[in-house]
Amino acid sequence: MTIRESVDLSEDLPAQHETLRALLAGKRSPAGLAAEHGYHPGLHARLSAELGLPGWTIPAEFGGLGKSQVEACAIHTELGRALYPGPFLPSSVAAGALLATGHREACERWLPLLADGTVAGTVAAADQAGHWAPGPGSVRADYGTGGWRLSGRRWYAVSADAADLIVIPAVTEYGLAMFLAETRFPDLIVARQLDLDLTRRISIVSFEAAPAELLTKDGAEALARAEREFLIATAAEAAGGIGWCLEQTLAYVKGQAEADSPDFGPAAQLCVDMLTDMETISAAARYAAAATDIGAAGAQQAAHIAALQAGQTYRRVIDAAMSFADEEDGLLHYRRAWSAERLAGGPQAHRDALAAQLAKSRQAPVPPSARCRSTWLPGPGPGPGPGAARRATPAALR
């Protein structure tokens with residue numbers, strides 16, 4: 001299967017999309033944001049029961065729906081539009097990381113619980129600068145009496161305060177490994193980072209000789225998958241946020257048109273620009289998701305490009321929309337855009353990762369079959385052309 005073929009969505013997704021939008025309409029409130037974990041448990045339960053969102057990408061053998069990452073993009077986009085504060089994104093990333101470790105016993109124990117929403121999970125992989133790559137300050141794992149223990153600290157853990165389990169990369173004598181820790185142990189401390197997203201709880205997780213289960217001694221693949229799926233999800237959420245900005249600006253434009261205002265022309269052009277931005281970011285996220293679904297070699301690079309473009313575009317669009325949008329909601333979207341861009345290190349981290357991947361690819365021989373491939377991003381049209389594809393350009397590295 002090619003990347004282009006994998007972009008096709010299931011026929012029932014539009015109906016599920018509309019159901020999700022209806023369930024989310026008007027459900028975010030100050031009371032919900034002030035709740036214990038920052039979201040309404042009742043709404044999360046409905047999303048689990050009626051749509052099966054927690055198990056969206058978990059294989060059917062573990063109680064999930066087995067949807068693709070492309071199909072997950074559509075869900076993340078709608079959740080991003082509504083600024084949904086629940087733990088769907090971090091739980092899905094934790095499930096993907098757990099699957100990537102190949103630890104059968106842990107998968108059989110935890111994935112069915114994640115799939116039905118009984119428990120929530122997250123991944124704690126970022127250092128203080130938001131970088132997911134292992135470094136001098138990585139969490140350390142030591143084996144002794146009673147099993148493995150983790151020591152160290154990770155930042156920018158999404159919904160860690162609501163999580164029952166956390167998947168963590170940690171350094172052992174073998175190298176980078178992947179572990180699972182349960183938050184019920186007192187040696188694992190979660191502290192909220194108060195200056196970030198008001199609609200999503202972001203935390204610092206400290207491990208003080210916290211007990212943990214070794215999932216795999218070779219954690220590189222699982223960490224790469226977790227980062228990739230996280231970047232794709234946040235890019236798709238940004239597309240949803242840009243869509244919200246477009247809706248707010250369109251409402252203003254309609255009012256200007258009825259009043260025959262001279263502001264109509266510039267505002268209408270802004271809507272055209274926002275629509276282009278939304279389609280471009282949505283296409284970049286779908287391309288990275290499709291590359292992930294088929295295991296393409298460039299999937300990690302595509303995810304970084306999508307996240308880099310999404311973060312910069314979302315911030316620019318919300319800045320432009322603040323004059324037309326509801327002030328309170330506009331501020332929430334602004335903080336979401338600012339926060340999401342930094343959960344994986346910010347623009348420079350993406351540029352560094354892309355530069356490293358480019359240098360690595362130059363050192364490796366290129367198979368003849370790959371030398372003439374073009375990089376394209378699927379759009380809304382049926383085939384190549386202005387409406388159907390947008391090219392990922394080196395400008396993403398600037």
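Could you list, in sequence order, the residues of the stretch 307-336 that are surrounded by fewer than 20 Cβ atoms within 10 Å (Cβ to Cβ), over 19 Å from the mean Cα position of the chain (by Cα) and in a helix (DSSP H, G or I)?
Selection gives R316, D319, A320, E327, E328, D329, G330, L331.
Tally time: how many residues in the stretch 271-306 are under 23 Å from R362 (Cα atoms), assigned to a helix (DSSP H, G or I) and either open to solvent by less than 10 Å² (accessible area, probe 1.4 Å) or not β-branched (V, I, T) (or both)?
Of the residues in that region, 10 qualify.
For the stretch 151-206, how many residues are free of Cβ contacts under 8 Å to residues at least 60 places away in the same chain and at positive phi?
Final tally of qualifying residues: 2.
Report whether or not L308 is closer than 20 Å to Y156 by Cβ, modelled with pLDDT of 50 or more and touching a strand residue (DSSP E or B) at 6+ places or on another chain (Cβ under 6 Å).
So L308 does not fit the description; no.
Within the stretch 337-359, count every residue that is outside any loop (DSSP other than H, G, I, E, B), open to solvent by less than 30 Å² (accessible area, probe 1.4 Å) and touching a strand residue (DSSP E or B) at 6+ places or on another chain (Cβ under 9 Å).
Summing the residues that are outside any loop (DSSP other than H, G, I, E, B), open to solvent by less than 30 Å² (accessible area, probe 1.4 Å) and touching a strand residue (DSSP E or B) at 6+ places or on another chain (Cβ under 9 Å) in the stretch 337-359 gives 1.
For the stretch 67-183, which fully contained helices (runs of 4 or more DSSP H) count at least 2 residues that are farther than 21 Å from A307 by Cβ and open to solvent by less than 40 Å² (accessible area, probe 1.4 Å)?
88-101, 104-115
Any chance the stretch 14-33 includes a residue that's modelled with pLDDT of 85 or more and either assigned to a loop (DSSP other than H, G, I, E, B) or of a type in the set (D, E) (or both)?
No - not one qualifying residue is present in the stretch 14-33.
Given the options W132, W110, name the one that is within 21 Å of the chain's Cα centre (by Cα), more than 16 Å from S339 (Cα to Cα) and among the aromatic types (F, W, Y).
Residue meeting the stated conditions: W110.
Each row is one residue, and each column tells you yes or no for (1) out of contact with any Cys (no Cβ under 7 Å at 6 or more places or on another chain); (2) modelled with pLDDT under 95; (3) under 19 Å from H17 (Cα atoms).
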site	(1), (2), (3)
A235	yes, no, yes
Q248	yes, yes, no
D260	yes, yes, no
G265	yes, yes, no
L270	yes, yes, no
I281	yes, no, yes
A291	yes, no, no
A299	yes, no, no
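For residues that are among the acidic types (D, E) and surrounded by fewer than 24 Cβ atoms within 10 Å (Cβ to Cβ), scanning just the stretch 196-242, find the one that is farthest from the chain's Cα centre (by Cα).
E208
What's the number of the only condition in (1) closer than 20 Å to E341 by Cα; (2) modelled with pLDDT under 95 that P54 fails to meet?
Only one criterion in (1) closer than 20 Å to E341 by Cα; (2) modelled with pLDDT under 95 is unmet by P54, namely (1).
The values are calculated or read from the model by the stated rules, or taken from the named source; none is laboratory data. Nothing here was measured: the structure is a model prediction, and the numbers come from that model. As a convention, Cβ positions derive from the backbone with ideal geometry for all residues, glycine included, and neighbour counts pool all protein chains shown. Just so you know, the surface numbers come from the protein's heavy atoms only, side chains and all, with ligands and any DNA or RNA stripped out. Shrake-Rupley method; radii C 1.70, N 1.55, O 1.52, S 1.80 Å.
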